[in-house]
Amino acid sequence: MRIIIVGAGIGGSALALALEKFAARADIDYLLLEQAPALTEVGAGVQLSPNGVRILEWLGLGDDLARFAVEPGAHQLKDWQSGETVLQTPLRAVAQKTFGAPYYHAHRADLIDALATRLNPRRLRLNAKVVSVGQSGDKVGVALADGGRESGDVLIAADGIHSIVRNQLFNPEAPRPSGYLAWRGMVPADRAAHLGIEQQSVAVMGPRLSMVFYFVSGGRRINWIAIGAGHDDKRESWSQTASKADLQDSFAGWYGHPRGLVDLTEQLFVTALHDREPLPTWVDGRIALMGDAAHAMLPYHAQGAVQSIEDAWVLARCLEMGRDDPPAALLRYQALRKDRAQRLQRHSRNAERWYHLDDPDEIARRNARLAAHARNSGGGVTPQQAWLFSYDAEKAVLGTDDDWRALREW
Ligand SMILES: Cc1cc2nc3c(=O)[nH]c(=O)nc-3n(C[C@H](O)[C@H](O)[C@H](O)COP(=O)(O)OP(=O)(O)OC[C@H]3O[C@@H](n4cnc5c(N)ncnc54)[C@H](O)[C@@H]3O)c2cc1C
């Protein structure tokens, strides 16, 4: 079976590595097509929860992650004015013990490097922009911008939120602007030492503005992302720069860490946040969507990349086990993955309002609820974290993920 993968982002690369594991025993060949001239990533962080790290370890990245990623002690939700922790849930102490893999913070460039160095160069083609796709009988085909063509038995679109495959075959609607902008920056940890920031995963919730910050690069850098309401003409782009002065004004009145990180950042970037409506189907015959192409979501639960990694494992295993009937294998992948990923699309959209409450009474009620939760849970993980972290993609494929399925949905 020859599989064509469009897009070598985190999702497409993880799929290629998973297929590589099974290629020999299942007579699988694949071609990974990437439009960019090189596999690189922007200067930003990514949170990797145990449900994704477990798979990256299966793909051979365990030692790399242990070297360049950072394991935060806990997840903390903080009040914007006082910096007081409203809800703290443990990560380092429970992730490996309870969920079988660490919770990590990584620099995206480190993660992409680790994936890229493991890709089979004979099965990767750079500078290969797909401009159209199609299928006829039991074959799929793609046309490339340089005039080339490729054909195979299955096509997987891992081409991100602007997926040309999604637009062409599933839904041509543009991504939905959320009305929020995300600013981001990185600060060398030694320059921020005087702020006394601990190695935690911190989310600070203010009126119509929030900030998440954490250490990456083995603890040498602090990555931050601020999200605030904004209806101006900013594009969805990871390379658009922003002025520090604009954001400094927005953080007036906040406690010291968020303000200090913005002040210390040399170059700020800004992007407009978008997501997509959940799709009725991800599969059309021998063509399937995965990752952001299938389920682009807002970043509040830090699950977009992790969900693309879960997709990759399940998809590779479904194709391996169902190689005699690829359309049925793709439908099985969809049946295993769609509900979970679409639930996260919806929850991530709901979290936008909850994070950015403006009304003092509503803020007080939210914080009281979180404080009560902290008391009731006895300092353990939240039901939401348990539902996210305990998903085991291999058990899902084998139909033995009863423990996860029995957990309360949120
Ligand atoms: C501010 C922010 C913070 C986030 N933080 C987190 C986080 O902490 N944790 C987390 O899990 N997720 C996070 N995410 C989400 C995460 O970044 C995405 O969900 C993830 O990168 C999606 O991966 P992907 O491989 O599906 O798509 P992409 O990363 O978009 O990769 C698509 C690839 O396809 C290629 N491509 C596109 N079109 C073509 C074509 N026509 N031909 C050939 N190649 C093509 C592109 O060049 C690219 O390499 C965050 C997102 C944002 C906006």
Q) Of (1) more than 30 Å from Ile197 (Cβ to Cβ); (2) over 24 Å from the mean Cα position of the chain (by Cα), Gly291 satisfies all except one. Which? A) (2)
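Quickly run through the range 233-247 and pick out the residues that are away from the ligand (no atom under 16 Å from the Cβ) and either in contact with a helix residue (DSSP H, G or I) (Cβ under 6 Å, 6 or more places away or on another chain) or part of a loop (DSSP other than H, G, I, E, B) (or both). Steps first, answer last, please.
Residues of the range 233-247 away from the ligand (no atom under 16 Å from the Cβ): 233, 243-246.
If the condition is that a residue be away from the ligand (no atom under 16 Å from the Cβ) and either in contact with a helix residue (DSSP H, G or I) (Cβ under 6 Å, 6 or more places away or on another chain) or part of a loop (DSSP other than H, G, I, E, B) (or both), then Asp233, Ser243 are the ones that fit.
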Q. Out of curiosity, is Ser348 in contact (Cβ under 8 Å) with a residue 40 or more places away in the chain, of a type in the set (S, T, N, Q), crowded, with 17+ Cβ neighbours inside 10 Å and within 19 Å of Gly228 (Cα to Cα)?
A. yes
(Q) Here are the criteria: (1) within 14 Å of the ligand (Cβ to nearest atom); (2) surrounded by fewer than 18 Cβ atoms within 10 Å (Cβ to Cβ); (3) among the aromatic types (Phe, Trp, Tyr). Tell me which single one Trp282 does not satisfy. (A) (2)
Q. How many residues are away from the ligand (no atom under 16 Å from the Cβ) and either buried (at least 19 other Cβ atoms within 10 Å of the Cβ) or in a strand (DSSP E or B) (or both) when one looks only at the range 24-33?
A. 2
Q) Would you say Leu39 is touching a residue at least 12 places away in the same chain (Cβ under 8 Å) and away from the ligand (no atom under 11 Å from the Cβ)? A) no
Q: Go through (1) modelled with pLDDT of 95 or more; (2) surrounded by 12 or more Cβ atoms within 10 Å (Cβ to Cβ) one by one and return the number of the condition Asp401 breaks.
A: (1)
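Going by the conditions given, is Ala36 surrounded by fewer than 22 Cβ atoms within 10 Å (Cβ to Cβ) and in a loop (DSSP other than H, G, I, E, B)?
Numbers: surrounded by fewer than 22 Cβ atoms within 10 Å (Cβ to Cβ): yes; in a loop (DSSP other than H, G, I, E, B): yes.
The answer is yes for Ala36.
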Q) Can you name the residue in the range 148-166 that is among the small types (Gly, Ala, Ser) and more than 14 Å from the ligand (Cβ to nearest atom) and is also surrounded by the most Cβ atoms within 10 Å (Cβ to Cβ) among such residues? A) Gly152
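The values are calculated or read from the model by the stated rules, or taken from the named source; none is laboratory data. The shown structure was predicted, so the numbers you read here are calculated from the model rather than taken from an experiment. Reconstructed Cβ throughout: ideal geometry from the backbone, glycine too, with neighbour counts over all protein chains shown.
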